[in-house]
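Worksheet: the structure to be examined is printed underneath.
The values are calculated or read from the model by the stated rules, or taken from the named source; none is laboratory data. Worth saying up front: this structure is predicted, and the values here are computed from it rather than measured. Heads up, the Cβs are rebuilt from the backbone with ideal geometry, glycines too, and the neighbour counts pull from every protein chain shown. Accessible surface areas use protein heavy atoms only, side chains included; no ligands, DNA or RNA. Shrake-Rupley method; radii C 1.70, N 1.55, O 1.52, S 1.80 Å.
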Number of protein chains: 2
Amino acid sequence: MNAKGKILIADDEPDIVEIIRYNLNKEGYEIVTANNGDDAIQKAKLSQPDLIILDIMMPRKNGVEVCEILRAQPAFKDTVIVFLTALSDESSHVKGLETGADDYISKPVSPKILVSRIHAIFRRINKEPEEKVIKIDNLEIDPVKFEAKVDSKAVVLAKKEFELLYLLASKPGRVFLRNEILNQIWGNDVIVGDRTIDVHIRKIRQKLGIDCITTVKGVGYKFTM
Amino acid sequence: MNAKGKILIADDEPDIVEIIRYNLNKEGYEIVTANNGDDAIQKAKLSQPDLIILDIMMPRKNGVEVCEILRAQPAFKDTVIVFLTALSDESSHVKGLETGADDYISKPVSPKILVSRIHAIFRRINKEPEEKVIKIDNLEIDPVKFEAKVDSKAVVLAKKEFELLYLLASKPGRVFLRNEILNQIWGNDVIVGDRTIDVHIRKIRQKLGIDCITTVKGVGYKFTM
DNA sequence: ATATTGAGTTCACAATTTGTTAATATGAAG
DNA sequence: CTTCATATTAACAAATTGTGAACTCAATAT
């Protein structure tokens with residue numbers, strides 16, 4: 001079977017590694033394993049996985065350290081990193097998310113949950129391989145250059161503003177619920193107030209100078225030209 | 001709003017139940033509650049929820065026991081069961097996953113996280129009730145864009161108006177009783193006067209400019225072209 | 001290291017829209 | 001011509017979004 005994606009599993013407990021390896025392999029993923037921090041870093045560099053599952057508690061650099069080191073390298077800027085945490089490990093978990101992990105999975109691992117989470121992550125990854133320029137009328141949005149143009153004149157948008165605009169413009173006309181927007185731009189578990197979206201919307205409207213975002217009261221926002 | 005799914009919440013702490021109930025109800029889920037294990041089992045059988053949220057520590061059968069009992073029945077083989085665990089509750093948690101729970105949520109509950117998890121679960125289990133465009137003659141209703149068109153000319157409808165029109169148009173010719181309409185659009189437990197429906201109907205007629213909703217005196221309304 | 005900058009967020013409150021009700025009119029059926 | 005259910009209208013209440021200012025925090029420059 002053609003591999004759906006490459007996953008690096010790093011944990012010092014062989015049993016855990018084996019459970020995860022078995023279940024994910026069964027699902028068609030290509031698996032690489034490591035049993036300590038240094039090993040994880042080396043294997044990561046060698047095999048360039050799409051996803052890295054890191055145990056927090058590991059000998060020779062713990063998961064958080066590994067994550068920090070990898071994240072500092074351009075090659076791993078976009079690699080999805082998921083932590084394995086023991087439930088007692090709350091503080092590490094918080095730390096983990098701060099460090100740039102994309103998700104966490106609690107031990108003991110339920111194979112069912114594990115597999116569905118991993119699937120979800122890959123769905124998310126694969127969904128946006130097509131970072132392409134959006135052109136609608138006199139508006140142009142280039143996600144690669146991270147730049148928007150109105151009448152060929154560049155408009156400087158902040159990151160969140162840009163992401164928000166790109167999201168809305170990616171499906172013109174379609175209404176995005178506030179919740180959808182939060183999930184897409186901020187992530188599932190990030191908590192921000194409701195007014196925050198409005199403020200960003202306002203800034204986009206302000207900066208672009210054209211009326212391309214329509215409010216659908218009680219529902220959300222949509223891009224319209 | 002049309003109920004997105006039915007959720008049973010079982011916890012002996014009324015405050016917790018209320019928080020969860022409030023937040024999920026706001027999101028359009030239909031909520032049933034129970035405050036002990038036996039109650040939970042009975043309510044589950046009666047209301048056949050799509051998802052069950054079980055507190056682990058409950059009087060008269062704890063969450064794990066309830067889960068085991070339900071799982072033993074064919075009717076609940078595929079029902080999603082989620083545990084509520086206090087952080088201190090580790091051993092129970094482990095037991096829970098072994099028993100066949102699909103996920104767990106830690107107390108104290110953060111409403112935002114709760115909601116996004118529940119959404120995620122429903123996305124996973126839902127066969128996506130296919131929100132699709134309705135086209136009848138020169139009328140077009142697009143629930144994704146949240147937009148209605150008459151002769152290709154957009155008509156701006158408010159949320160309730162749109163929902164009502166979409167409901168009626170989803171089954172042309174069929175008469176919807178006033179009670180049905182109330183349940184579908186407002187929800188079972190919301191109380192609004194009878195005139196409210198009339199007013200919305202009137203606005204729809206007014207805005208669309210075409211006569212597509214027929215009054216069936218003493219019964220309800222139906223969509224006709 | 002410290003200062004500076006600006007993105008991102010939040011807050012209080014204004015502005016606006018939507019939803020509901022109450023009062024009255026209309027119109028068909030008996 | 002009464003009755004009953006719905007239609008209409010305007011006034012009111014509730015919900016939602018827009019706005020300006022302040023604040024936090026991290027990245028960047030000094």
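Determine ³J(HN,Hα), in whole Hz, for all residues of the stretch B:133-139 in sequence, where each value follows from phi through the Karplus function 6.51 cos²θ - 1.76 cosθ + 1.60 and θ = phi - 60°; x replaces Gly and Pro.
5, 9, 10, 9, 6, 8, 10
Taking only C-alpha pairs under 8 Å that are 6+ residues apart, what is the relative contact order of the stretch B:134-223 in percent? Let's see the in-between values first.
Working: 102 pairs, mean separation 25.4, N = 90.
So the answer I get is 28 percent.
Using a 1.4 angstrom probe on the protein heavy atoms only, line up A:Tyr166, A:Tyr22, B:Tyr221 by accessible area, largest first.
If we order A:Tyr166, A:Tyr22, B:Tyr221 from most to least accessible, we get A:Tyr22, A:Tyr166, B:Tyr221.
Among B:Met57, A:Met58, what's the order by accessible area (1.4 angstrom probe), most exposed first?
Details: B:Met57 125, A:Met58 20 Å².
Ranked list, largest accessible area first: B:Met57, A:Met58.
Output wanted: per-residue J couplings in Hz (rounded whole) for the stretch A:214-223, from phi through Karplus 6.51 cos²θ - 1.76 cosθ + 1.60, θ = phi - 60°, x for Gly and Pro.
Values, residue by residue: 9, 7, 10, 4, x, 10, x, 10, 9, 8 Hz.
Taking θ as phi - 60°, what are the ³J(HN,Hα) couplings along the stretch B:9-15 by the Karplus curve (6.51, -1.76, 1.60), each to the nearest whole Hz, with x for Gly and Pro?
Along the stretch B:9-15, the couplings run 10, 10, 7, 8, 8, x, 4 Hz.
Round to the nearest 0.05 the FRET efficiency obtained for B:Arg60 and B:Lys26 when R0 = 35 Å and r is the Cβ-Cβ distance. Show your work: numbers first, answer last.
Working: r = 30 Å, r/R0 = 0.84.
The computed FRET efficiency comes out at 0.75.
Express in Å², to the nearest 10, the accessible area of A:Val17 obtained by rolling a 1.4 Å probe over the protein heavy atoms while all chains stay in place.
For A:Val17, the solvent-accessible surface is approximately 20 Å².
Find the sum over both chains of the accessible area lost when A and B are paired, probe 1.4 Å, and report it in Å² to the nearest 100.
Summing both sides, the interface buries roughly 2000 Å².
Taking a threshold of 31 Å on the Cα-Cα distance, which of the pairs B:Lys6/B:Lys207; A:Lys26/A:Lys132; A:Lys171/B:Lys77; A:Lys153/B:Lys26; A:Lys132/B:Lys145 fall above it?
B:Lys6/B:Lys207; A:Lys26/A:Lys132; A:Lys171/B:Lys77; A:Lys153/B:Lys26
Set the Förster radius R0 to 35 Å, insert the Cβ-Cβ distance between B:Val219 and B:Val144 as r into 1/(1 + (r/R0)^6), and round the FRET efficiency to 0.05. Numbers along the way, then the final one.
Numbers: r = 31 Å, r/R0 = 0.90.
The pair B:Val219/B:Val144 has a calculated efficiency of 0.65.
What is the distance, in nm, between label points placed 7 Å from the Cα along the Cα-to-Cβ direction at B:Arg195 and at A:Ala72?
7.1
Under the convention of a label 7 Å out along Cα→Cβ, give the distances in nm from B:Gly209 to the same position in every other copy, shortest first.
3.4
For A:Gly193, place a label point 7 Å from Cα along the Cα-to-Cβ direction in every copy; what are the distances to the other copies, in nm, shortest first?
Ordered by increasing distance: 3.6 nm.
Quick one: label points 7 angstrom along Cα→Cβ at B:Ile136, distances to the other copies in nm, smallest first?
Label point to label point, same position, other copies: 2.9 nm.
Take A:Ser152, A:Ser116, B:Ser170 and sort them by solvent-accessible surface of the protein heavy atoms, 1.4 Å probe, largest at the top.
Numbers: A:Ser152 100, A:Ser116 25, B:Ser170 60 Å².
Ranked from most to least accessible, the order is A:Ser152, B:Ser170, A:Ser116.
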